[in-house]
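Since every read-out is calculated from the coordinates, none of them should be taken as a lab result. Owing to the predicted nature of the structure, the values given are computational and were not obtained by experimental measurement. Note that each Cβ is placed from the backbone with ideal geometry, even for glycine, and that neighbours are counted across all protein chains shown.
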Amino acid sequence: MDSAQQYLANAAECLAMAKEMTDPQKSLVLLDMASCWLKLAGQAEKNSRLDLVYETPRQRPNAT
C-alpha cells in the first residue's frame, strides 16, 4: 500500500469513528483529522507524479 492509499485509509477510519462518537467535540476533532489525512493523501498523490532528479552542482575551481 502506498502513502496516498494509507492516508485515505486513515481518513476513512477517522470518519467511521466520528460517526460512532456521542460527544460532538470529539466527533469534530475526528472530522478535522480526517480532513488532514485527505489533504496528505492529495499531496502524496501529487508527489508520486513528480520525477525530480537532484544533481549536485559542480565545484568551482579555486581562483587564486
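Tabulated values for the structure
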{"quantity": "Residues of the range 28-64 satisfying the condition of being loosely packed, with under 10 Cβ neighbours inside 10 Å, more than 18 Å from the chain's Cα centre (by Cα) and either part of a helix (DSSP H, G or I) or of a type in the set (Lys, Arg) (or both)", "calculated": "58, 60"}
{"quantity": "Single residue of the range 3-23 satisfying the filter (of a type in the set (S, T, N, Q) and under 26 Å from residue 46 (Cα atoms)) that is nearest to the chain's Cα centre (by Cα)", "calculated": "3"}
{"quantity": "The range 18-33 residues that are hydroxyl-bearing (Ser, Thr, Tyr), paired with ones that are part of a helix (DSSP H, G or I) (beta carbon under 6 Å, 6 or more apart)", "calculated": "27/18"}
